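These notes are about the structure you will find just below.
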Amino acid sequence: MPALRPQPIPVLLLVKSAFQVLWQQRDDGLRLGFVPTLICFAAVAYGQGAAHRAMQYMQAGTPERVSSGDLFTMILSVLIAMAALGVLVANWLRFTLLGPMAAIGLGLSIGRGHVGFVVTCIVLMFVASIAFAVICMPLLFLPPFLKGIGIAVAFIAVLVAMARLLPFAVAQAIGQPLTLQQSWNASRGNGVPLTSALILVWLPLWLLGGIVTNVLFAVGFGQIAPLAMVFIAAVFQSATSILQAIVLANAFRQMVGVQV
């Protein structure tokens with residue numbers, strides 16, 4: 001495999017291109033996103049009751065009253081939703097980098113690439129969480145103001161480090177040999193731009209979702225149709241996942257290149 005050379009990523013161009021591609025290929029977005037959205041909706045609806053009870057205990061200052069059953073339900077709900085969205089992202093990466101025949105039908109066929117991508121992402125998030133917790137431990141002894149700044153800096157640093165390893169996850173999805181070291185080298189100098197692009201495609205839909213949610217609750221729809229609100233949230237999350245998959249695919253093509 002030839003030596004990987006880092007290339008600068010145009011952040012705003014990546015973001016603009018992601019929205020353009022999603023609009024131009026909205027039919028494929030609906031095709032590949034339909035089933036994962038339903039699974040994500042079902043997972044969140046399944047864990048909604050347990051999460052609501054846990055939130056009540058947290059607000060009452062008695063988190064120890066959260067039952068092991070509710071905790072298990074919430075964890076299972078999150079894992080199912082993450083897996084569904086991970087399969088959606090993997091399918092879109094394959095669709096973009098390998099062509100339409102690599103993600104046919106409704107995206108129900110799950111192969112080694114899908115499993116590898118989902119497992120890699122879950123492991124990366126777990127390791128990032130552990131790293132963030134370890135970094136934050138000594139910061140807890142600082143004064144409140146410095147502690148807040150330190151935690152924010154640590155969070156950003158962990159995000160950037162995780163972004164630099166994302167090409168490895170993309171390679172798993174498309175079946176391209178790539179090591180963690182090669183991913184780290186290929187993304188050198190692009191950790192911050194890639195992180196920024198992923199956040200910038202998420203931000204508009206997050207703001208729009210918040211506005212839609214507030215309006216629907218203001219008119220009473222949210223109170224009478226809570227499951228509909230969960231479904232709307234799942235749709236927004238799926239759209240965000242596709243946008244971020246487009247960013248990852250374009251960044252991967254520029255930093256690493258498709259060689260399968």
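Using Cα centres only, tell me the gap between region 26-86 and region 191-260 in whole Å.
If you average the Cα positions of each part, the centres end up 17 Å apart.
Applying the Karplus parametrisation 6.51 cos²θ - 1.76 cosθ + 1.60 with θ = phi - 60° to the phi angles of region 222-239, what ³J(HN,Hα) value in whole Hz is obtained for each residue in order, glycine and proline being reported as x?
Working through the residues one at a time gives x, 6, 8, 9, x, 5, 5, 5, 5, 5, 4, 4, 5, 5, 4, 5, 5, 4 Hz.
So how strong a dipole does the chain carry about its Cα centre when Lys and Arg Cβ are +1 and Asp and Glu Cβ are -1, to the nearest 20 debye? Please list the in-between numbers first.
Values: 12 positive and 4 negative charges, 92 e Å.
Charge dipole of the chain: 440 debye, to the nearest 20.
Output ³J(HN,Hα) for region 102-115: one whole-Hz value per residue in order, computed from phi by the Karplus curve 6.51 cos²θ - 1.76 cosθ + 1.60 with θ = phi - 60°, and x for Gly and Pro.
7, 8, 8, x, 8, x, 7, 6, 10, x, 4, x, 5, 5
Most exposed first by the Cβ proxy, i.e. fewest other Cβ within 10 Å, how do 215, 115 rank? Can you show the working numbers first?
Values: 215 11, 115 16.
Fewest-to-most ranking of 215, 115: 215, 115.
Among 218, 37, 172, flag the residue with its Cα farthest along the positive direction of the charge dipole of the chain, charges on Cβ as +1 for Lys/Arg and -1 for Asp/Glu.
Checked the options; the winner is 172.
How far is it, in nm, from the label point at residue 23 to the one at residue 71 when both lie 7 Å from their Cα along the line to the Cβ?
4.8 nm
Among 233, 107, 49, which residue has its Cα furthest toward the positive end of the charge dipole of the chain, with +1 on Lys/Arg Cβ and -1 on Asp/Glu Cβ?
107
With label points built 7 Å along Cα→Cβ from the Cα atoms of residue 192 and residue 133, find their separation and express it in nm.
3.0 nm
Can you work out the Karplus-derived ³J(HN,Hα) for every residue in region 73-87? Use 6.51 cos²θ - 1.76 cosθ + 1.60 with θ = phi - 60°, whole Hz, and x for glycine or proline.
Result, ordered by residue: 4, 5, 5, 4, 4, 5, 5, 5, 5, 5, 5, 4, 5, x, 5 Hz.
If you put +1 on each Lys and Arg Cβ and -1 on each Asp and Glu Cβ, how big is the dipole of region 1-129 around its Cα centre, in Debye rounded to 20? Mind showing how you got there, number by number?
On the way: 8 positive and 4 negative charges, 54 e Å.
Dipole of region 1-129, to the nearest 20 debye: 260 debye.
Taking H placed 1.01 Å from N in the peptide plane, check which residues at least 5 places from residue 257 or on another chain put their amide H under 5 Å from its amide H.
Result for residue 257 returns nothing.
Counting helices only, and only those DSSP H runs with n ≥ 4, report the 222 nm mean residue ellipticity of the chain as the sum of -39,500 (n - 2.57) divided by its residues, in deg cm²/dmol to the nearest 500. Could the numbers behind the result be given before it?
Working: 9 runs with 207 residues, N = 260.
Computed mean residue ellipticity for the chain: -28000 deg cm²/dmol.
Quick note: the coordinates plus some simple rules give every number you see, no bench work behind them. Because the structure is predicted, anything quoted here is derived from the model rather than measured. Reconstructed Cβ throughout: ideal geometry from the backbone, glycine too, with neighbour counts over all protein chains shown.
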